[in-house]
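Report on the structure given below.
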Amino acid sequence: MIPDKKRDLQCLLCQRPLRRIGEDFTGKHIYKCHDCQYVCTTISTAAETAALYDDPEYFDGWGCNLDFDYDRFEPSVHQQVDDYLDFLAAHTQGKSLLDVGTGSGLLPHIALQRGYEVEGTDLSAYVSQNVPAKGGFPVHHGTLDDIRFARKYDIITLLHVLEHTGNPLAMIGRCKELLNSGGHVVVVVPNYQSLDSRIKDLLSKFKLKQRPYKHLALGHHNWVFSIKSLELLGEKAGLQIVHRETRQPAWRAGAWHRLLGRFGLATWCWIVYRKMSDKLQLVA
Ligand SMILES: [Zn+2]
C-alpha cells in the first residue's frame with residue numbers, strides 16, 4: 001500500500017486541511033487538526049508496519065519476556081491488566097472478548113481465568129505462533145481486514161493499538177462489524193491533552209527539549225488522540241459513546257494522579273463505544 005499523501009494532509013474526521021506544526025527529533029513531520037484536536041504523522045506503509053511489529057524484540061521489555069512466562073512479568077504489568085479487566089467488568093457486558101494487538105497475551109490469559117471466552121489478534125507471527133500454547137487461547141495472525149473471523153464478539157479491546165494504525169476510523173468501523181448488537185469497543189490510547197504532554201509539547205515548540213516531540217513516540221505511533229478526537233471518531237463510525245475518562249497507568253494511582261484524571265489531564269484516554277442494537281439503529 002502506498003501511503004495516501006492526500007489523506008495524510010486532510011483531517012480524518014472533518015476533512016479540513018491539516019496544519020503542519022513541526023517535526024520531531026528524527027525529522028518526522030507532525031500535522032494537527034485544530035478542530036478535532038489530534039495530531040498525526042506521515043503514515044508508514046503497510047510493509048514497514050508489518051516489519052516493525054513482526055520483530056519479536058518488539059515484545060521484549062516493558063516488564064514482559066519473550067517466553068511469555070506470565071508469572072515472571074513485572075508486577076506493574078499484572079496490575080495494569082487487573083485494572084483493564086476491572087474496567088471491562090464495570091463498563092461492558094457479555095463474555096466473548098477479542099483483544100486486538102494482543103502482544104504478550106496477558107490480558108486474554110487472565111480474562112480466561114475470570115470466565116471470558118477469549119481470542120486475540122496480532123501482526124506478529126512470533127506472537128500468533130507462541131502465545132496460544134502459553135496463554136491458552138487462539139491468536140489470529142494479521143490485520144482485522146485480513147483475518148477471516150468465524151464469529152462476532154461482545155467486547156473488542158484496542159489497548160494501545162489505535163495510535164499505531166494507518167486509519168483509526170477504518171479500524172473502528174471494522175470493529176463495529178465484528179461486534180454483536182449491543183457490544184462494546186474499549187479503546188485506551190495516550191492522551192495528547194495530558195499535563196505531561198502539554199508541558200513537553202511547549203518545551204518542544206520552543207526548542208527547549210533535547211529531543212523535540214519524543215513524547216509523541218512517532219517512531220511507532222501514527223496518531224495522538226484526546227478525548228475530543230476519540231468522541232468524534234466514535235460518532236463518525238456510528239457508535240454510541242457510553243463512557244470516557246483520562247486515567248494514569250495503574251502503577252501511578254496516587255492522589256495527585258487521581259486529581260489529574262478528574263481534570264482530563266491524565267496520561268491515557270479511555271473510551272467505551274457501544275454498537276446500538278439494530279432496532280435502535282433503525283430509529284436513529
Ligand atoms: Zn478535523
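Read the figures in this text as sums done on the coordinates, not as results from a lab. Everything numeric here is computed off the predicted structure, so don't read it as measured data. Here Cβ is always computed from backbone atoms with ideal geometry, including for glycine, and neighbour counts include all displayed protein chains.
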Quiz item: Of all DSSP beta bridges located in the chain, what percent are antiparallel, nearest 5?
Solution: 60 percent
Quiz item: Scattering from the C-alpha atoms of region 5-283 alone, worked out with Debye: what is log10 I(q)/I(0) at q = 0.09, 0.11, 0.15 1/Å?
Solution: -0.41, -0.63, -1.25
Exercise. Please give the FRET efficiency for Thr45 paired with Arg148, using the beta carbon to beta carbon distance and R0 = 22 Å, rounded to the nearest 0.05.
Key: 0.40
Quiz prompt | Check: the chain dipole with +1 on Lys, Arg Cβ and -1 on Asp, Glu Cβ, in debye | solution = 1340 debye
Quiz item: Which is the longest run of the chain containing none of the chymotrypsin sites (Phe, Trp or Tyr not before Pro) found in DSSP loop states (not H, G, I, E, B) with at most 12 other C-beta atoms within 10 Å?
Solution: 1-205
Quiz item: Using the 10 angstrom Cβ neighbour count as an exposure proxy, how do Asp86, Asp71, Asp99 rank, fewest first?
Solution: Asp71, Asp86, Asp99
Quiz prompt | Selected from Leu97, Leu178, Leu259 as most flexible by GNM, with the chain as the system and alpha-carbon contacts under 10 Å | solution = Leu259
Self-check item: Net lengthening on full extension, Arg114/Gln210 (0.36 nm per residue, minus Cα-Cα)
Solution: 30.0 nm
Self-check item: Neighbourhood net charge (13 Å Cβ-Cβ; Lys/Arg +1, Asp/Glu -1) for Trp268
Solution: -1
Exercise. Between Gly234, Gly115, Gly173, find the one with the highest GNM mean-square fluctuation for the chain; connect C-alpha pairs within less than 10 Å.
Key: Gly115
Quiz item: Under unit Cβ charges (Lys, Arg +1; Asp, Glu -1), what dipole magnitude, rounded to 20 debye, does region 91-177 have relative to its Cα centre?
Solution: 220 debye
Quiz prompt | Electrostatic dipole magnitude of region 1-157 [Cβ: Lys, Arg +1; Asp, Glu -1; Cα centre; debye, to 20] | solution = 840 debye
Quiz item: So which residue, out of Gly166, Gly103, Gly22, gets the largest mean-square fluctuation from a GNM of the chain using Cα contacts under 10 Å as springs?
Solution: Gly22
Self-check item: 17 Å Cα cut-off, lysine pairs counted over region 80-218 (separation 8 or more, or different chains)
Solution: 6
Self-check item: Of the DSSP H helices in the chain, those whose Cα atoms cover at least 18 Å axially and whose Kyte score averages 1.6 or more
Solution: none
